[in-house]
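The values are calculated or read from the model by the stated rules, or taken from the named source; none is laboratory data. Worth saying up front: this structure is predicted, and the values here are computed from it rather than measured. So basically every Cβ, Gly included, is an ideal-geometry build from the backbone, and we count neighbours across all protein chains shown. Remember, those area values only see protein heavy atoms, side chains included, never the ligands or the DNA or RNA. Shrake-Rupley method; radii C 1.70, N 1.55, O 1.52, S 1.80 Å.
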Amino acid sequence: MCFFIYYSFLLGSENSIKKSTMTVETKPSNDDDSNQEAEPSQFLDDEAKKNLPVKKKTSCCTGLKAFLAALSFSYFSKALSGTIMKSSITQIERRFDLTSSTVGFIDGSFEMGNLLVIAFVSYFGAKLHRPKVIAVGCFTMALGSLLTAMPHFFMGYYKYETAPHTASSANLTSSINPCSLHQDVNKTKMLEISQSGCEKEPSSYMWVYILLGNMLRGIGETPITPLGISYLDDFAKEENVPVYVGCLHTIAMLGPMFGFLLGSLCAKLYVDIGFVDLGSITITPQDSRWVGAWWLGFLIGGVASFIAAIPFCFLPKSLKKPEEANNDRTSYSLLGNMGSTRNKLAPAKPKPKKWSVILKDFCTSLKKVLSNRMYFTFLCCSVLQFSSFIGFLTYKPKYMEQQYGQSTSKSNFLIGLTSLPPVGIGIFLGGLIMKKYKMSIIGATKFAFTMSFLAYVTSLLHFFVGCENHVVAGMTVSYEGKPIPYNENAIFSECNSDCKCASKAWDPVCGDNGLTYVSACLAGCTTSVGHGKNTVFHNCSCLEASSSWTGNNSATLGQCLKSKDCSMKFIYYTVIQVISGFCYALGGTPAYMIMFRCVQPELKSLAVGLYTLIMRILGGIPAPVYFGALIDKTCLKWGSTSCGQRGACRLYDSNAYRYVYLGLSAVLRGPSYLIAIIFFILIKKHFQNKNSTPIENGGREECLMNKEDYCKVKARLPGSSDAENESCI
């Protein structure tokens, strides 16, 4: 971060020195022509002389650099908090016994909060003290993050679902018979435990506070980008604004990376760390019942947002505009009114418009934007792409857990370490390629389409690197080890008929034969040794049912690990993900720039605002919900709460999960490329007959003939900036 700020500062200083040198060198030419334009030129020279010493003072630059540093950290903090939510989705689902569709709705509440105030902030934010409005937004984000973490401190300790033998043997080393224990206290005692637990358990709707906190965080995030960028654009030199914006986006990319790494660290820690004896915990991070310290990440994110708000409280409402810009405006005024006294008069303030007129103008502008065929097709294409991306990213950690048997901690760590850096590099190189090859808007469209389609084709390889289902007796295979049809409930068998086991319990054990059993009771185990995670069950009769097994009839706590072949496929999955993410990001910058060139310059703000609104309403909010609803359909074994109600899913059909998760993403993205072809045809038809300049220069066409004379005269003025001279090219 310091490197980019320091680089932008050096760039601004170099441009200032260069501009001063240019001004001094052009003075003699003005003296020679004094008999033609003596008074205006002399006036401009005097103004330049007055402003030259001020350039050496860095008070204005210091204020702008301070704002840039504060805005950069606010970008980092908001990206950090957003990524912590993504990395904690699975933990929240398990802690509050939610379905995937419900937790997807919670995730979409951020977009809801954003939409509640985006119109208000966009209209009134620029009229207020922008740094202080951003400070209020950061404080609101901090409050939302803290509110999200609060349920942890009011819900009591986490009681994961377990069989009675595990709870009884947690602190014992004596032999316990899981089968006989269930026979003695099967119905009456279990019912009493369930009812008493249900009475003592806090409200099951505590997740609403997470929803409200996430929505509050969305409200607070709203003013940061529009007001921050407009503040920079108003008080920074024109040629430095792209450097500052690039600095912001680069630093913003660090937020997700640190967010996933922090989420990985928190997922390793038990949810009630520091308050319970970890030796008595019988589950590991690989277990589907494990819940990490999800709340810790939100506390850290809240503190970061609070710190980000403090500098904005001390920044001024406005800064002194750059001297070059002031000279340019003076030169323009003198040139346009040369020989007249109107150059010293301030322009009359326009009369305020009525609300009816404003509304009519808005409806007219909205109609123009939506009737623009290029913009509309781009909008439709983006909705499909964005919906696919949001749904894919939301449940990506969960997919890695269920498909490849990875823990939540390792999934988050790998996403932060392998997926995000290639995306950041791709975004940077995409802009560099545009600049190097001076792409026109048609060339940029071709490049963006090619890279995106290449990423899409590469991502289809994910279908071929999936792992088979967990081998669970009675769920995915029979007790003899043979595959059984999907969703066929056959957890009871002759080998465990003497044990009256609970059908809803989920406390898996791994037999020495490589099969996972739903519980030690259903495995037919009669004795156990050890306590906590080290408990070992012996004399398990169901292991004898496996015709190919002749070894020990013992089982240990936890599911059996996936095969070595699955571990190799996970490596292939990671490589495919890196390549597809890099290719997609490579075309991201050109695609983003194309949107600005599809509409008239005066409609750009409305077009961008409408684009953001549509993406959130049609993509950001519903996508996690319907992705989660379809994922819920692939659940084989649901957990149960202490009240006997359905909890979070414990076991998914890996094959069905893969086809639903990857298939829905592919189905959404596929038609978008057909729309993209139509978009390219419209772009080519509109621009092929025009002499369009490279898109990096804004894609502007050459000036009209009646403006060329002004450009030529202005190029000779000492106060003219290079940026304004280039605007006529």
*Rank Lys569, Lys410 by accessible area, highest first, at a 1.4 Å probe radius?*
Lys410, Lys569
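On a full-extension model of 0.36 nm per residue, what is the gain between Glu544 and Val245, subtracting their alpha-carbon distance, rounded to one decimal in nm? Could the numbers behind the result be given before it?
Details: separation 299, 0.36 × 299 = 107.64 nm, distance 6.67 nm.
That pair, Glu544 and Val245, stretches by 101.0 nm at full extension.
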*Describe numerically, in nm with one decimal, the distance between label points set 7 Å from Cα along Cα→Cβ at Ile677 and at Leu461.*
2.5
_Charge context of Gly639, other residues only, Cβ under 11 angstrom, K/R +1, D/E -1_ = +2
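Taking 0.36 nm per residue of sequence separation and subtracting the Cα-Cα distance, how much length would be gained by fully extending the chain between Asp361 and Lys320, in nm to one decimal?
On the way: separation 41, 0.36 × 41 = 14.76 nm, distance 3.28 nm.
Taking 0.36 nm per residue and subtracting the Cα distance, the gain is 11.5 nm.
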*Restrict the search to region 432-463; then list the trypsin sites (Lys or Arg not before Pro) that DSSP places in a loop and that have at most 15 other Cβ atoms within 10 Å of their Cβ.*
Lys438
*Lys and Arg at +1, Asp and Glu at -1: add these up for the other residues within a Cβ distance under 13 Å of Thr162 and post the number.*
+2
*Give the long-range amide H neighbours of Ser528: residues separated by 5 or more places, or on another chain, with amide H under 5 Å away, using H modelled in the peptide plane at 1.01 Å from N.*
Ile176, His538
*Does anything in region 378-419 have its amide N under 12 Å from the 7 Å Cα→Cβ label point of His686, and if so which residues?*
378-379
_region 505-576: C-alpha gyration tensor shape, a/c 1.5 cut-off, then a/b vs b/c_ = prolate
*What's the carbon and sulfur percent of region 468-608's accessible surface, probe 1.4 angstrom, rounded to a whole number?*
57
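Name the chymotrypsin sites (Phe, Trp or Tyr not before Pro) in region 251-324 that are in a loop by DSSP and that have at most 15 other C-beta atoms within 10 Å, would you? Don't skip to the answer; put the middle values down first.
Values: sites: Phe258, Phe260, Tyr270, Phe275, Trp290, Trp294, Trp295, Phe298, Phe306, Phe312, Phe314; in loops: Phe275, Trp290.
Here the chymotrypsin sites (Phe, Trp or Tyr not before Pro) that fit, given the DSSP loop and packing criteria, are Phe275.
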*asked:* I need the shape label for region 376-497. Rule: rounded when a/c is under 1.5, else prolate if a/b > b/c, else oblate, with a, b, c from the alpha carbon gyration tensor.
replied: prolate
*asked:* Placing unit charges on C-beta atoms (Lys and Arg positive, Asp and Glu negative, everything else neutral), compute the dipole magnitude of region 416-540 about its Cα centre in debye, rounded to 20.
replied: 1120
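At R0 = 30 Å, how high is the FRET efficiency between Leu432 and Ser230 if r is their beta carbon distance? Nearest 0.05 is fine.
0.70
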_region 215-241 and region 407-445: distance between their alpha carbon centers, rounded to Å_ = 23
_Solvent-accessible area of Cys510 with every protein chain in place, 1.4 Å probe, in Å² to the nearest 10_ = 30
*Using a 1.4 angstrom probe and counting only protein chains, how large is the accessible area of Arg130 in Å², to 10?*
20
*Which cross-chain or sequence-distant (5 or more) residues have an amide H under 5 Å from the amide H of Ser640, H modelled 1.01 Å from N in plane?*
Gly647
*Hand me the trypsin sites (Lys or Arg not before Pro) from region 265-324 located in a DSSP loop with no more than 16 other Cβ atoms within 10 Å, in residue order please.*
Lys317, Lys320
